[in-house]
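Please treat every number below as a calculation from the coordinates, not as lab data. Keep in mind the model is a prediction, meaning the values are calculated, not measured. Every residue, glycine among them, receives a Cβ derived from its backbone with ideal geometry; neighbour counts consider all protein chains shown.
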Amino acid sequence: MFDIEASFDQRILALQKDRPAVVFTEARDPRVLEAACRLARFIRPVFLASEAEVRAVVARDLPHLEATRVDFTLSESAFVDLASSPLLDEMAALYLEICQDQESPPDRDAARAWVTQPGHFGICAVRLGHADMVVGGVAHEPRDFFRPMLRLLARRPVVTEAGVFVLPDEHPTNIFPHNIVVFGDVGVNATMTPEVLADVAAVHELRHREPTDQRQRAEAEEPVGGTRPPEQREREAGHRERREQVVPDEGAERGIERADGVPRRRLEHEVDGDREDDGDE
């Protein structure tokens with residue numbers, strides 16, 4: 001089975017220069033802390049909690065984590081006390097500016113209370129350039145994290161989100177080429193027009209090429225007599241040839257950014273655009 005996690009690890013380590021600062025808004029959730037501990041060599045974590053609180057959660061809920069991994073992660077991390085952060089006034093001013101066209105804009109106290117919430121604080125930190133990424137949504141409702149994130153961090157008119165799955169080698173290869181499946185637009189766009197669907201399809205095709213190219217290189221390097229039977233290799237080669245004929249280059253047709261003639265590959269989720277309001281915000 002193709003190890004997609006190791007493949008992405010190699011790509012990230014090969015391409016990244018400086019580790020990005022990532023704000024974890026739900027720093028007291030053990031699931032979030034465990035994920036952060038496994039990403040520490042790629043990022044610089046910023047926890048919206050005190051170090052003592054984080055260590056208490058790890059000791060109580062994550063005893064299986066290696067002590068060296070935890071110590072390394074926390075030594076590379078920053079810890080933010082929301083109540084006393086010097087960034088609150090700057091963030092409150094940003095929120096007031098964003099809301100100035102509303103029929104009943106908030107006052108300064110309300111704006112300060114809004115940005116003091118962990119999810120909103122992390123989003124504003126990215127918007128103002130104090131961090132590179134924000135992680136949330138495990139404990140927050142969509143209206144408290146996802147929608148403000150789209151509103152403040154929008155970069156493209158169309159929202160795109162994709163999930164990449166690698167199926168086991170024993171799965172029939174005549175269904176999905178190389179047993180790699182990309183699920184696109186996972187409930188992000190509430191209203192799907194033909195134009196939005198075309199844009200989403202083009203972006204997801206580029207995202208599909210990254211793991212597929214990685215697997216093709218791994219297969220090319222597989223020694224003679226490897227684990228895959230000859231008939232499986234023949235089927236995969238046929239899929240690859242047909243796919244290259246059917247899918248020429250949607251990126252060029254949809255105007256997706258190119259550099260040196262190569263379609264831009266988006267390896268990370270881009271927070272682009274906004275989705276239809278359900279009326280409960």
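Note that segment 4-153 shows a convex hull volume over its alpha carbon atoms of 128 Å³ per residue. Taking the fewest neighbouring Cβ atoms within 10 Å as the starting point, the ordered list for ILE43, ILE98 is ILE98, ILE43.
Shape analysis of segment 17-86 places it in the oblate category; the axes a ≥ b ≥ c from the Cα gyration tensor give an a/c of at least 1.5, with a/b not above b/c. When each of the peptides 88-95, 118-125 is scored by the mean number of other C-beta atoms lying within 10 Å of its residues, the order from highest to lowest reads 118-125, 88-95. Extension gain for ASP81-GLN102 works out to 4.5 nm (0.36 nm per residue, less the C-alpha to C-alpha distance).
Taking Cα centre as origin and charging only the Cβ of basic (Lys, Arg, +1) and acidic (Asp, Glu, -1) residues, the dipole magnitude of segment 4-153 rounds to 420 debye. Of the peptides 192-201, 59-68, the order by per-residue mean of other Cβ atoms within 10 Å, starting with the highest, comes out as 192-201, 59-68.
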